[in-house]
Structures are given as C-alpha cells and as structure tokens.
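Worksheet: the structure to be examined is printed underneath.
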Ligand code: IDP
C-alpha cells in the first residue's frame, strides 16, 4: 500500500544506548554512532554526562547482589558516558544484536563488543534489553524535553508546503 513508514507498528520504538567510560576514553564514540546512523535508526536524544552513583544504582539495581557490582559502579563512574536514545523499527532487538553478547569473549565479530572489546568488565556500550527496560531506562536517563521529534529533510512537512 501507500502507507508511510511512520505508520508501521513498532517503528517509533526507542532504546537507550550508552557509550561507557572505556568507549569514550578509547575514542570510539564516532564509530559507535556511525553504526546506528548507517543502519538507519534515528537519533532523538544525546548527551555526555558524569553518571552519579544514584543513577547507576537505579539503572543496575537488579545486579546489586552480584560480586562484580562494586567494580561495575567504579567502572561506570570512572569517566564520562555518552547517553543516547535511538528510535526505529525493532530498535531494541536490533541494537542488542549490533552491540553483541554481554561477554565480549562470546560476542560475534561485527558487533560493537565483538569488534572493540575483550573482557566483560570493560564492554564499551550499554543497550536496553526489552520494551519495559528501555522505557524505564530512557525515563531514568533523560528528561522528556531532552528527547526531540524531528522529520527528515526529504519529508514533505519540512518544505513548508
Ligand atoms: P548487558 O549489559 O549486556 O545487558 P547485564 O547482564 O545486564 O548485561 O550486565 C550489565 C553490565 O554489568 C555488563 O554490560 C557488564 O558491564 C557488567 N557485567 C556483567 N557481568 C559481569 C561480570 O561477570 N564481571 C564484570 N562485569 C560484569
């Protein structure tokens, strides 16, 4: 039919992607953003921040009994993080595939973790893992006003016609 892509169910799905301190320190920000742009996803939120213990304990609350939790907090606060919200059809599932297995040793080549990292304690990037998780994390990391709706320059509404 002649439906536009924006009317397809699921096309406005959003996910939180965060480039962790090792990703920023190793100058991987551009390459990681490039992969999401190249895939065709839409960037609707972006900021660099020093993450607080409070934000992290909410973000990783379900891991607080794990032995690696103190190290995880130390890692995630060791420098700035680049947090982004990406939008698009099945972006949550697709970005988990693009990011790869939690443990880089098991991540496929071609994934961010499989191409740029070695050990689970320094795995470069975060990606939400479910619809509920993405909603929760986006609300936790971003204010409503920080998420922008925009149309592509080839969209009729941008011509002022
Ligand atoms: P995910 O990031 O792929 O969703 P989770 O199991 O939610 O994986 O773990 C969150 C983060 O905790 C991982 O990305 C990694 O940074 C860290 N982590 C998970 N397991 C370990 C571990 O065994 N040792 C050290 N850090 C870990």
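What follows is calculated from the coordinates using simple rules that are stated; it is not laboratory data. In this text the structure is predicted, and so the values were computed from the model without any measurement. Here the Cβ positions follow ideal geometry from the backbone for every residue, glycine too, while neighbour counts run over all protein chains shown.
List of remarks:
- Principal-axis analysis of the Cα atoms of the chain puts helix 29-39 at an angle of about 40° to the longest axis.
- Taking the number of Cβ atoms within 10 Å of each Cβ as an exposure proxy, the fewest-first ranking of 129, 154 is 154, 129.
- Descending semi-axes in Å of region 18-161, equivalent ellipsoid built from Cα gyration tensor: 27, 18, 14
- Both radii come from the Cα set of region 1-46: Rg as radius of gyration, Rh as Kirkwood radius; their ratio Rg/Rh reads 1.12.
- With neighbour counts taken as other beta-carbon atoms within 10 Å, the residues 155, 101, 59 rank, fewest first, as 155, 101, 59.
- When the convex hull of its Cα atoms is projected in every direction, mean area for region 27-92 (nm²): 5.4 nm²
- Nearest-ten-degree value, helix 131-141 long axis tilted from longest Cα axis of the chain: 80 degrees
- Part-to-part distance (alpha-carbon centres) for region 1-52 and region 111-161, which is given in Å: 3 Å
- Which of 78, 4, 117, 94 has the fewest Cβ neighbours within 10 Å, and the rest in rising order: 4, 78, 94, 117
- Cβ-Cβ FRET estimate between residue 89 and residue 34, R0 fixed at 22 Å, reported to 0.05: 0.70
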